[in-house]
1. Return the distance in nm (one decimal) between the two label points of a simple spin-label model at Asp127 and Asn470, each offset 7 Å from Cα along Cα→Cβ.
2. So how strong a dipole does segment 265-408 carry about its Cα centre when Lys and Arg Cβ are +1 and Asp and Glu Cβ are -1, to the nearest 20 debye?
3. Can you report the principal axis dimensions of the chain using only the alpha carbons, biggest first, rounded to whole angstrom?
4. When we measure straight from the Cα of Lys257, which lysines land under 17 angstrom away, once same-chain ones fewer than 8 places off are left out?
5. Using Cα positions and a limit of under 17 Å, work out the lysines in reach of Lys669, with same-chain residues fewer than 8 apart set aside.
6. Report the antiparallel proportion of the DSSP beta bridges in segment 479-636 as a percent, rounded to a multiple of 5.
7. Identify, among Asn199, Ala638, Ile57, the residue whose Cα sits farthest towards the positive end of the charge dipole of the chain, taking +1 on the Cβ of Lys and Arg and -1 on the Cβ of Asp and Glu, with the dipole about the Cα centre.
8. Given a cut-off of under 8 Å on Cα pairs at least six residues apart, what relative contact order in percent is computed for the chain?
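Bear in mind these aren't lab numbers, they're just calculated from the coordinates by the rules spelled out. Nothing here was measured: the structure is a model prediction, and the numbers come from that model. Glycine gets a Cβ as well: all are built from the backbone with ideal geometry, and neighbour counts include every protein chain shown.
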Amino acid sequence: MSGVFQRLQESVSEVKESATHKASEVATTNEKILDMYPNIVNVHQDKTMTTDFGIKINDADHWLKIVGKSGHGPSLLEDQIGRERIHRFDHERIPERVVHARGVGAHGYFKLHESIEGLTSAGILTDTSRTTPVFARFSTVAGSRGSADTVRDVRGFAVKFYTDEGNWDIVGNNIPVFFIQEDFKFPDFIHAVKPEPHNEIPQAQSAHNNFWDFQYLHPEATHMFTWAMSDRAIPRSLRMMQGFGVNTFTLIDKDGKRTFVKFHFIPELGVHSLVWDEALKLAGQDPDFHRRDLYEAIEAGSYPKWKFGIQCIADGDEDKFEFDILDATKVWPEDLIPVREIGEFVLNRNIDEFFSETEQVAFCTSHVVPGIGFSDDPLLQGRNFSYQDTQITRLGPNWEQLPINRPVCPVMNFNRDGAMNHRIHKGTVNYWPNRFEALPPGNYEGGRGQDHGAYTEYAEKIVGMKQRLNGEKFKEHYSQAQLFYNSLAPYEKMHVEMALGFELDHCDDPIVYKRMSQRLADIDLGLAQRVARMVGGDPPTETTHPNHGKKAPHLSQTEFPGKHTIATRRVAMIIADGFDLAAFEAVRAVLQAQGATTHVIAPRRGMIFPAGVDPESGTGGVMSDHHLEGQRSTMFDAIYVNPGVQSVLTLRGNGRAVHWIREAFGHLKTIGALDDAVDFVQQACSLPGVTLALDMKSDRVVTSYGVVTGWNVNVKLMPSAKIEPSETL
Ligand code: HDD
């Protein structure tokens, strides 16, 4: 036995070593990663294949058969090794999440910069010396697990904080409001947005009759669908989205005082979006665009970072606002209730295995730690019920024991058994109270009450009638939809209009698009008229809810430009044989020095020879990463066309090269060019009605950062890090 024991010990330390052999892995190992070590199996080191019950296998390729003369023969059911393989495979799938099925996750940490001791007793929000491990999962909502990343949809933004006092989950979105006010309507809402029941069409899209029928029949959804039609629903990167807890929670201080709170994550890189045409194309060209982007950024050490902020309303002030602060279809405008930034959240480690981490991670809004509580927000109340329940279907009753879900602090209670229980409880009793406990019931060691660090509900006296209704202010649905629309930049408004035009065009039932054309008048009459004309609705001439004309800061994403940086942006450098090597190397050095990733694109993949180098020599060239047909401009933030007489001549005659430039121009991307390539770029972009203002000299290099959000505007390329949308066409 001692030999077996020794082998086990060795294998644990082997795993520890191998799992940390990369410097980046050592640097990013935290308490949660260490907690998961005993479960990590290193497939590349364990060369001996065994069955699940541990015996070594002598042939991992063939079923046991009775082999006749010809080498054929029936397979034998007695082959327990073969049976195990196939049976195990037959049961690999678990139900995908009923919503948010497609997602991607990563590990990281949370660091508090400013204690909010006056508001909460939560250790994670008061102890600035702590670094708390986190796991985040970003997702789309409507699509299946295999759907595309860049669809128009809300993005889930779920963060699990493994605190010293237990797990705290913020299960938020990248949009601060929601479609419905009560969880009661959630099943109807999700049925309406998912593919239609008779033919399961369309996948991962809201552009269909049922979704818009639901939107019309639920005026409370108006604010949220305006956000969902904005650029927020087509993010450039998951690293460039805001996160919102959406629901109203509470903070409870050590004396039991309560404060209403909303949680915010603000990305260091700013909020940026794709343009719709790009998003559509990317869905086919690279369905994993966002997943890949996150993975690559973390691998490259460009760790995505968000500031963590709170908005607070004191207990007693909740009725001072036009809106109900517990209504999840309303924002708390930041000019009224500013966001206080108190910490940061960083993702610095990729997962080791998708299924066991990203697929098995499970969040619950009801998972809060002492010092954080709920509110009577009816949507939150229902969510608190739903998440725990859905995890039982998806993962089984012991889902909280799974490595990715278990807390890093001790767990002790008398919950027992159930499928796939992994804990082995030592002791002769499994009930409470029991004869071994010295303390009277309710005073289990550690005890109750804040003094012992236990979770204590806020004591609130409630007197009321049992009824199915919400507060009066829940009945107002259009004021904040107007506020949001009014606060957008002109091109953002245009995008909302185009998005509505696209979506309603996909509805073929006139009841749906005609009614919706009327509803839009409750946001803005002009918007409703323009959309109605596009989609075949009857342009409304009046509205019962005229636009109040008010605006609020921080609703437009242009308010969140983030760090003005080219870092982590993808730049395609286009060359062909005969290119100017000196220019190429100079530009590449500048781009890389600023943290951009450069990708060489040429008519073929392989060595591309600069001017003056004989291709026959087979050396002295630059290896291209891709050929022009293998990738598309949509996959890059900017393109740069390198000079060189022969190179430019070749590219001019290459339809795909011209398409790259035109498409990038149409998507308002930075296009850099030098010398003779400038003329080529200008000509390629001289589409009817479009003029390209290129302000570049050969001695200056464009180092602008990637995408601006806009459509049909002229782009002026500046030699400095700046892009200016000029007049709209
Ligand atoms: Fe939900 C998953 C966010 C309302 C029921 N939700 C889920 C996820 C996110 C959100 C990010 C994915 C978590 C993950 O990555 O595993 N949901 C929200 C937000 C809402 C919201 C921001 C509004 C404020 N959700 C909501 C309601 C209900 C649910 C009203 C039901 C009453 N949500 C679920 C669920 C899911 C879920 C069915 C599916 C998978 C899961 O929980 O773990 O329980």
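1. It is 3.8 nm.
2. Working: 12 positive and 27 negative charges, 86 e Å.
Rounded to the nearest 20 debye, it is 420 debye.
3. Computed over the Cα atoms, the extents are 90, 84, 56 Å.
4. Correct list for Lys257: Lys461.
5. Within the straight-line limit of under 17 Å, Lys669 reaches these lysines: Lys281, Lys716, Lys722.
6. Details: 2 of 10 bridges.
Expressed as a percentage, antiparallel bridges in segment 479-636 total about 20.
7. Ile57
8. Values: 1409 pairs, mean separation 80.9, N = 729.
The normalised contact order for the chain reaches 11 percent.
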